[in-house]
Amino acid sequence: MLLLLVTLLGTPALATASAPAAAPPAGPTSVGSASAGTPLDADSATARWGDRRLDEVSFLTTHNAFTNYEDSRWSSVNQSESVRAQLDNGVRGLSLDTHWYERSTWLCVISFGSDCYPSDVYLCHGECKTFAGATYALPRQSFHGTMQTVVDFLAAHPEEVVTVFLEDYVGADQLGNSLSRVRGLSELLFLPDAWDVRQQGWPKVADLVTVGKRLLVFSDRSDREHLGVMYDRSWTVSNFWSLGDMGNDLACVSRWSDLPLDRQEPGFRRLFTMSHHRNVPTVLTAALDNGTKLRDRIAERCRPAAGGRDPNFVSVDFHRLADGSGHTPASIVAELNARS
């Protein structure tokens with residue numbers, strides 16, 4: 001054992017050889033180029049989406065989409081299937097936590113070469129060096145890799161729109177460098193100022209599909225809109241995220257005290273993100289929360305609190321689980337879309 005430690009510590013090249021290959025460095029403002037798929041023609045886009053604007057459509061959204069049993073070895077998860085499987089199964093909104101990880105020779109050594117990853121932006125649920133399986137998982141999930149999964153899905157499904165919500169703990173330059181390695185991102189990224197959303201309102205979803213601008217990215221940090229990443233407090237309203245430990249905190253109150261859910265602005269209506277999950281996710285509590293309770297909470301609490309409007313993003317844990325009532329998160333979102 002001692003000989004192994006000395007060898008690893010004294011031979012950096014050996015530790016580095018075990019790490020996943022790093023992508024070539026790129027400037028923070030450059031974006032990889034790859035085909036994002038052929039946009040639908042206007043008639044096909046209208047057949048799929050009708051005349052509804054973006055703020056008139058509801059999307060099934062997964063809380064902590066990256067903590068799942070398939071993409072990495074997490075000990076506690078919020079979803080049961082990979083990000084790609086979530087998208088394939090109807091999820092159209094993903095929440096991700098971005099953290100910076102600085103390459104660690106020590107972690108490389110004590111993991112016997114299984115944690116020799118390069119410095120980069122990764123998806124972690126807390127510090128990226130603290131507790132493997134709890135605050136991060138192996139294999140490490142790179143942010144750009146997960147975003148590539150999203151772009152690849154959109155390229156294969158030219159009729160669909162996906163939104164990513166970032167709980168962001170990295171610098172704008174770090175995030176930009178990561179985004180620059182996502183092939184095909186720039187062709188898909190929706191930029192609200194280019195559509196004059198503040199004055200004209202949100203565009204029709206069919207128009208976004210027709211021109212191929214089908215990926216929206218929001219962050220809880222305000223200094224990255226030059227990257228095409230929207231500041232959530234500028235463009236959305238959101239309820240407080242937790243149902244509490246017992247799942248009985250059903251009040252639909254704003255996450256931000258200065259932004260009520262029924263905020264009114266001339267010519268512009270913010271997108272409404274609704275969270276519906278507990279402090280600690282389990283399959284049992286998700287099954288209890290994801291059926292009738294979710295449906296009733298929207299109708300009796302969140303819709304009235306938002307001035308009579310439905311949520312645009314309905315965020316849940318374990319999105320495929322429900323209470324046996326016949327109502328699931330996916331069916332509830334479909335009901336909301338049938339109302340509009």
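Report the Cα centroid-to-centroid distance between region 288-321 and region 225-274 in angstrom, as an integer.
Taking the Cα centre of region 225-274 as reference, the centre of region 288-321 is 14 Å away.
Let me have the 222 nm mean residue ellipticity of the chain computed from DSSP H runs of 4+ only, each contributing -39500 (n - 2.57), with the sum over all residues rounded to the nearest 500.
When only DSSP H runs of four or more count, the value is -7500 deg cm²/dmol.
Please compute, over every Cα-Cα pair in region 84-225, the percentage with a separation greater than 24 angstrom.
Counting pairs separated by more than 24 Å, the tail of P(r) holds 37 percent.
Would you list the membrane-span-like helices of the chain, meaning whole DSSP H runs whose alpha-carbon atoms span at least 18 Å along their axis and whose mean Kyte-Doolittle value is at least -0.5?
143-156
By accessible area of protein heavy atoms, probe 1.4 Å, what ranking do 198, 303 get, highest first?
198, 303
At what distance in nm do the modelled label points of residue 173 and residue 250 sit from each other, each positioned 7 Å from its Cα along Cα→Cβ?
Using points 7 Å along Cα→Cβ, the separation is 5.1 nm.
Kindly state, to the nearest 0.05, the FRET efficiency for residue 198 paired with residue 284, given R0 = 35 Å and r defined as their beta-carbon distance.
Working from the Cβ atoms, E equals 0.20.
Roll a 1.4 angstrom probe over the protein heavy atoms and tell me the percent of accessible area of region 258-340 that is carbon or sulfur.
The value for region 258-340 is 54 percent carbon and sulfur by accessible area.
For the pair residue 241/residue 211, report the inter-label distance in nm, with labels modelled 7 Å from Cα in the Cβ direction.
Taking the two extended label points, one gets 3.2 nm.
Would you mind calculating the gained length between residue 331 and residue 131 on full extension (0.36 nm times residue separation, minus the Cα-Cα distance), in nm to one decimal?
This chain segment gains 68.3 nm when fully extended.
Give the cross-link partners of residue 129 among the aspartates and glutamates, using a straight C-alpha distance below 12 Å as the criterion and excluding same-chain residues fewer than 8 apart.
List returned: 102, 115.
Give me the distance between the Cα centres of region 151-200 and region 118-138, rounded to whole Å.
Rounded to whole Å, the Cα centres lie 23 Å apart.
Can you figure out the FRET efficiency of residue 156 with residue 42, using R₀ = 22 Å and their beta-carbon distance, to the nearest 0.05?
Using R0 = 22 Å, I get an efficiency of 0.60.
Using Cα positions and a limit of under 22 Å, work out the lysines in reach of residue 204, with same-chain residues fewer than 8 apart set aside.
Cross-link targets: 213.
Can you give the extra length, in nm with one decimal, that the chain gains between residue 191 and residue 70 once fully stretched, where that is 0.36 nm per residue apart less the Cα-Cα distance?
40.4 nm
The values are calculated or read from the model by the stated rules, or taken from the named source; none is laboratory data. Model, not experiment: these values are computed from the prediction. Every residue, glycine as well, gets a Cβ built from its backbone with ideal geometry; the counts of neighbours run over all protein chains shown. All accessible areas refer to the heavy atoms of the entire protein, side chains included, with ligands and DNA or RNA removed. Shrake-Rupley method; radii C 1.70, N 1.55, O 1.52, S 1.80 Å.
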